[in-house]
Every structure is written in structure tokens, then in C-alpha cells.
1. Mind putting a number on the dipole of the chain about its Cα centre? Charges go on the C-beta only, +1 for Lys and Arg and -1 for Asp and Glu, and I need it in Debye to the nearest 20.
2. Leu521's amide H: which non-local residues (gap 5+, or another chain) put their own amide H closer than 5 Å, with H modeled 1.01 Å from N in plane and none for Pro or chain starts?
3. Under the rule of -39500 (n - 2.57) per DSSP H run of 4 or more residues, summed and divided by the residues of the chain, what mean residue ellipticity at 222 nm is obtained, to the nearest 500 deg cm²/dmol?
4. Long-range amide H contacts for Ile269: which residues qualify at under 5 Å (H placed 1.01 Å from N, peptide plane, sequence gap of 5 or more or a different chain)?
5. Express the carbon and sulfur contribution to the solvent-accessible surface of the chain as a percent, rounded to the nearest whole number, probe 1.4 angstrom.
6. Quick query: amide H of Ser285 versus all other amide H atoms, modeled in the peptide plane; which residues come in under 5 Å with a sequence gap of 5 or more or a different chain?
7. If you roll a 1.4 Å probe over the heavy atoms of the protein chains, what accessible area per residue do you get for the chain, in Å²?
8. Straight-line reach from Lys362: which lysines have Cα under 17 Å away, leaving out those fewer than 8 places along the same chain?
Amino acid sequence: MVEFKRVSELIPPHSGLQVCISDCKPIQVLQWQCQDELTADLERGVYTTNPLHINKAINFVHLAKETCSELVLTPEYSFPCEVLDRVVENRELWPNKGSLWCLCMQGYARQEFAEKLEQWTSTDTLVIRSAFERILCRHFVDALIYLFVLDDGRLCILPQLKTTPMSERWNDHEVRGLCTSDLIYIFDLYGKSDDQNRFLSILCSDALCINAQDILDHTIGKYLTVFHAQLNPEPRHSDFRSFRSTFFDRNAGRDIRLLTLNWAEGTKIDDQTFSKPWSAFYKKSDREEVPEQQLRTWNHDRGTYYALHHYTEIWYSDREEHCKRFDINKGFQLGVSYPAITHNEPITQDYLLYCAAESSWKPVLINHQPALIKLIDSHGSDYDFPLGASPHENDAFFGLCFGHFLEGELRAEDDELVTRLFSGSDHESDQKRRAKADQYKKLIQLIKRQEFPPELVNLIDNHVLYLDSETAEEKKKYGNVYPKNVAPDQRDPFSSALFIISGYTSKDEVEEQVDMLSKKLHRNLRNRVVVYYFSLETERYECFAEHLMQTRIDKATYSKPLSSIKG
């Protein structure tokens with residue numbers, strides 16, 4: 001049974017941490033999604049002695065100081081103890097007043113960790129041993145080390161230990177060797193502000209033994225931010241999804257934010273290579289709608305990508321190793337002191353890659369176009385719109401091609417897998433993207449045959465793939481094929497047609513899809529829609545076009561014979 005303990009009960013009175021203080025200022029977050037080849041053994045747990053990893057950690061600390069980051073995060077088993085020693089011993093490297101650093105130590109032998117706590121103890125520090133004193137003694141510890149500065153100027157060192165071992169095949173050493181504790185700390189250091197915000201962390205498989213509802217019960221009535229540090233090859237496993245979903249139940253009525261941080265793609269441990277990082281920021285969405293294009297575009301260029309799962313926004317990180325600076329909101333009381341405004345979140349400030357030659361983290365902007373070019377073949381200038389379009393235009397364009405529109409292209413499935421064609425989150429996502437790319441290629445082939453219904457004969461030898469960017473995010477949708485004999489700046493979305501390749505395989509299913517489409521199309525486009533689908537009955541691609549003789553899809557009689565196109 002896990003016990004939740006308030007940090008305010010363990011330390012002298014505190015003027016507050018930014019993650020807990022109730023004001024309208026965003027929290028400045030810095031996180032490191034590491035990559036390395038790790039060692040796992042029964043005596044020490046998971047660790048690396050790679051000098052490059054140590055150098056990255058040292059420069060990550062310098063980055064945290066230079067950017068005055070207020071919430072600093074690393075994934076499970078990531079932070080070298082020798083670098084942590086440097087921080088503790090050098091006051092110049094301590095967190096700024098009001099900042100909270102959550103540094104997940106590499107695995108450490110139990111006795112050596114006890115000695116380390118003694119080493120860190122001095123007149124300049126307050127070392128809280130509560131979690132360590134309650135461990136089930138085995139071989140090694142998996143510790144998250146909280147660092148923050150007390151009002152009297154001392155450094156508080158607060159270790160929180162893992163509560164349950166992971167059950168992965170490669171993680172047998174945890175089952176046999178991990179020292180577990182039963183204490184979770186709740187940060188409630190809000191100073192003189194309103195008592196509204198709480199923060200806590202869990203380590204990977206803690207989510208398998210800690211009931212999310214217990215966390216909600218122990219923070220009832222408060223805004224809540226949860227940090228979930230992981231070394232996890234299956235971060236979208238059903239057990240972890242179930243844990244997360246409890247926080248974002250639409251009826252919970254709580255303002256909750258969840259940060260997950262895993263190791264990067266390419267991380268190796270024993271004979272296993274990690275391919276699904278899925279480091280992400282989760283928050284509730286007020287409406288089941290896509291946020292503004294400007295926010296998505298800004299974040300996208302800086303390695304933060306958007307997906308929507310029902311009423312939960314998921315902003316997931318790029319798969320490679322990187323550091324990232326971003327701002328998130330917290331709870332505060334609207335009224336005289338603070339304006340009644342809602343800030344966008346997250347807002348990614350910097351995406352940084354490590355430059356070994358300069359021994360520093362350097363900010364970059366990401367270009368995903370080369371990856372798309374590898375996935376999508378050129379089909380000639382009239383059909384190559386995606387290869388020169390912006391990420392936003394591609395999302396809207398492919399959403400039209402597959403008949404699920406922008407919202408569907410950016411939607412996460414129930415297993416949280418994102419199948420967005422323009423860029424993928426990880427290897428599992430890439431498999432789905434390749435299948436979609438094949439579907440898209442078939443759509444182009446079918447369009448190129450120009451076997452159009454009579455209502456669209458004006459497009460024969462006179463069409464080009466295109467998207468009207470200005471109307472792409474309107475609630476009522478337009479087409480993806482335009483007359484070619486009109487100059488680009490004169491193209492009118494009312495003259496476009498919508499060509500879709502469906503994933504359905506029966507006429508009845510496609511008919512239902514067309515009915516659904518009718519509700520989302522601009523009324524002038526409802527008789528300019530062609531849906532291709534592979535029929536299991538005829539074993540070829542068919543063109544569903546009966547509705548084109550009608551003024552409105554939703555009142556179609558579907559009396560016209562089905563026209564067939566050999567697939």
C-alpha cells in the first residue's frame with residue numbers, strides 16, 4: 001500500500017515552487033529525452049558509463065541554469081551520479097529559487113546509495129531519507145532525486161524510490177533485485193498564493209501498482225500536474241493507457257496535466273532496441289476540436305506534435321534524442337489579480353540537439369519534408385502537391401484524401417497510436433503510415449485513369465491536386481482536386497471536387513461514409529464527391545458515385561448503377 005506524503009510536512013516553511021504557486025505565469029519546463037546503450041545487472045540495476053552521456057548530462061545542467069528553467073525533468077535511470085555529485089557540491093549549479101529539478105538517477109547499489117546520502121549531507125543541505133528508510137531491502141535502488149532550494153538557502157535533496165518492479169522480459173533484474181519503497185511525495189509548496197496546485201511524480205511501473213484514483217483523492221479539489229518518468233519499450237501498453245485515462249475522464253471536472261518522459265528511439269538495453277519513445281504532454285481539451293493552426297505549426301517546427309484522443313490533447317515529442325524547452329500552464333484564481341485570459345499550451349521554446357564538437361545543446365528547427373519524400377513517390381507535377389506543401393497543408397490535404405478530414409488525420413486511435421501520414425511518432429506509427437502511403441498511391445492511380453462520372457467531365461485532362469489553405473480549417477470542407485486551367489491564385493474552392501479512397505470494403509459501408517461526409521462538406525460540394533473503395537464482392541476498386549446526380553448527398557436515392565474501375 002502506497003502512502004502519499006506532503007512535502008510541506010517535511011521541510012521548514014517555504015515561499016513556494018513555481019510548479020505549485022497559483023499565478024498566471026506559465027511553468028518553464030526543460031526535459032532531456034536520452035539515448036544510449038545501457039547495461040542492466042542484478043547488483044546495480046540500469047546504468048551507463050559512456051563518457052558522452054556524462055558530458056550530455058553536465059551540459060544539460062548548464063542549460064537548465066542558463067535558461068532559468070523552473071521544472072527540470074529526465075527519464076528513469078538516466079542521470080549519472082557523478083554529475084549529481086557535481087551539482088550538490090557546487091552551489092553555482094543548484095536550481096534557482098522556486099525551481100524544482102526531478103533527476104532520475106541511474107541504478108545504484110543499495111549500500112552505496114546509503115553512503116551517497118551521507119556524503120550529500122552537510123550544513124548546506126537537507127537530505128530527507130524517509131523513502132529510503134522504508135525500503136524492502138534487496139540489491140539496488142531506482143531513485144528520482146528532487147532538488148530545490150529552501151528559504152534558508154540550503155539545498156533540499158529528496159529521493160523518491162520506485163514502488164514496484166517492471167515485468168518486462170529484459171527487466172528480470174528488477175523483479176529479483178530492486179529495493180522498493182512505498183512513499184509518493186506530493187508537492188504543495190505554494191507560499192503565500194492561493195492553495196490550488198499540486199505536483200507529484202511516479203517512476204514507470206509505479207503506474208501498475210498505484211491507483212490513479214488514489215492520486216486524485218489525495219489531491220482533491222486541486223489543479224494537478226503529474227510527471228511520469230519511464231524507461232519503457234511499450235509506453236502505450238493498455239495498462240499505462242488505463243492509468244492515464246483515469247485523469248482525463250471527461251466527467252472528472254479537474255484541470256490536470258500529465259508529462260511522460262521516456263528514452264529516445266535507438267536506446268539499447270541487452271539485446272533489445274527501443275523504438276517507441278512516446279514522451280508526451282497530456283491535457284484536457286475543452287472541446288473535441290483541433291487547436292489553432294498557429295500553435296500546432298509553432299510546436300511542430302520545434303519537435304512537439306499534436307494528436308487528439310476524444311477530449312484529451314496529446315502533444316508528443318520527436319523520436320530522436322533531444323532536449324526541449326516548453327511552457328505549460330497551471331491553476332490560478334481568476335479575478336482582480338489576474339486577467340481572465342487563457343494562455344495556449346504547450347508552447348515549445350527550443351528543440352535542442354547535442355553538438356559533441358562544441359560540447360553543448362544547440363537549438364534547431366525540424367524539417368520533415370525529406371522523410372515524406374521517402375514515403376510518397378512523385379507522380380508528376382500535377383499530382384505532387386504534398387511534396388511542396390507545409391505540414392499544416394499536408395495534414396488537411398491527406399485528411400481529405402482519406403475522408404476523415406483534418407481532425408481524423410490528427411486523431412489518436414484508442415491505443416494512442418497516431419497514423420498521421422506527414423510524420424510519424426515512432427516505428428509502430430511508421431508501419432501504419434506506409435500502409436496509408438500505399439492507399440494514397442492507389443488513389444492517385446485511380447484519379448489518373450480519368451474515368452470520372454459525367455458530372456465531373458470538366459476535370460478530364462484538366463485537373464491538379466491542390467488544397468485551398470485559407471479554407472482548410474473551416475468546419476465545412478472543400479475538395480482536393482481543382483481545374484488545372486485556372487491560375488493558382490484564382491482557384492476557387494467552390495470549383496473543386498473531393499476524391500477519396502475509403503478503407504471500407506462494402507457498398508453499404510461506403511454509403512454510410514458518404515452520409516457522414518455530407519454533414520461536413522460545404523453544401524456546394526456535396527454533389528462533387530467521388531469515393532473509391534476496394535470491393536470484396538468484385539475484388540477490384542469501385543467508384544461510388546451514385547449520389548452525384550442528386551443535389552444533396554443526404555437525400556440521395558442511389559438509383560444510378562455502380563460504376564466499376566478495375567483495381
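The values are calculated or read from the model by the stated rules, or taken from the named source; none is laboratory data. Remember, it's a predicted structure, so these values are computed and weren't measured experimentally. Heads up, the Cβs are rebuilt from the backbone with ideal geometry, glycines too, and the neighbour counts pull from every protein chain shown. Heavy atoms of the whole protein, side chains included, go into the accessibility calculation; ligands, DNA and RNA do not. Shrake-Rupley method; radii C 1.70, N 1.55, O 1.52, S 1.80 Å.
1. Dipole size: approximately 980 debye.
2. Lys477
3. -7000 deg cm²/dmol
4. Amide H neighbours of Ile269, under 5 Å, 5+ apart: Leu38, Phe274.
5. 46
6. So Ser285 has HN proximity to Thr312, Glu313.
7. Per-residue accessible area for the chain comes out at 40 Å².
8. Correct list for Lys362: Lys56, Lys65, Lys324.
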